[in-house]
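What follows is a set of notes on a single structure, which appears directly below.
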Amino acid sequence: MTPSLENLSSALVYYVVFLFSTTLHEAAHAWAAARGGDLTAYHGGQASLDPIPHIRREPFGMVVLPLISALITGWPFGYASAPFDPQWAMRHPKRAALMSLAGPAANLLLVVLAAAAIRGGILGDVFFAPERIRFGEITDTNAGGVWPAVATMLSAFFSLNLLLAAFNLLPFPPLDGSGAVPILLSDNAASSRLSEKNALSIVATAGHTPPALASVISPKRIRSGAKKTSPRIPPRIAAAARTTSSRFAAGPASDMSAARFG
């Protein structure tokens, strides 16, 4: 295999890992929001491991940019987003914070699973630790067959998801870490902070500020005029949303509020 084909193969592996990891990240945001009473992302199809709804929402950030960056640099860089109701977030800042944390938590879950698989391979004498551990080279193998590909895939899952989780937990807008800050504040302080954040977002939108590429897989506010879909809601999620809204929501139910913003 020539070096160019090796680079192409590595780029495709990292893109597949990026696509799955990003899809799981956004699905986790959508699932957490639905459990908290906001069905906006669920109605948009984001509460799914099917990458198509996520690609449809952010085609450049999910396909074009990561493929180009993977081919040029060897690893992908991109972004995605999940819609949510900002009024729901202002009414329930702690639940919105949990929604923000759900994405990085999903990436950390993949890190743990990849580490467990690598550890299992080492115990089974299939994998071994390389002399120098680097990004994307966490484990290696002398076995034949599919094991070299498995070692490469597990190394990519571990490295990329660890980076995604750590980067998105930085407490700077529009990263998930910024959205998670209200969980450390009182309810009044959290609501005040979200109000200021939404006001800044409106100013940026009025100024036609493009989305920052640094907003790697961070949940975004819903866009007016976005296409709405109404998939069938599983009874467990619908019941959880109704229960959460009836226990904590002040004013109209969260799913009705989400419908106005969809």
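Kindly state, to the nearest 0.05, the FRET efficiency for Leu5 paired with Leu184, given R0 = 45 Å and r defined as their beta-carbon distance.
That gives a FRET efficiency of 0.35.
Can you tell me which of 65-75, 170-180, 88-98 comes out highest on packing, and rank the rest after it, using the mean Cβ neighbours within 10 Å?
Packing proxy ranking, top to bottom: 88-98, 170-180, 65-75.
Relative contact order (percent) for region 23-102, with alpha-carbon contacts under 8 angstrom and 6 or more residues of separation?
The normalised contact order for region 23-102 reaches 36 percent.
Taking 0.36 nm per residue of separation and subtracting the Cα-Cα distance, what length does fully extending Arg132 through Val146 add?
Gain on extension, Arg132 to Val146, equals 2.8 nm.
Provide the per-residue ³J(HN,Hα) series for region 21-36, in order, calculated from phi with Karplus coefficients 6.51, -1.76, 1.60 and θ = phi - 60°, each as a whole number of Hz, with x at glycine and proline positions.
Each residue's phi maps through the Karplus curve to give 5, 5, 4, 5, 4, 5, 4, 5, 4, 5, 5, 5, 5, 5, 5, x Hz.
Which order do the peptides 54-62, 23-31 take when ranked by the mean count of other beta-carbon atoms within 10 Å per residue, highest first?
Top to bottom by mean Cβ count within 10 Å: 23-31, 54-62.
So what's the gap between the Cα centers of region 106-152 and region 8-31, to the nearest angstrom?
18
Laboratory data are not the source of any read-out in this text; all were calculated from the coordinates shown. Every value quoted in this text rests on a predicted model; they were computed, and no experiment measured them. Cβ coordinates were reconstructed from backbone atoms using ideal geometry, including for glycine residues, and neighbour counts include every protein chain displayed.
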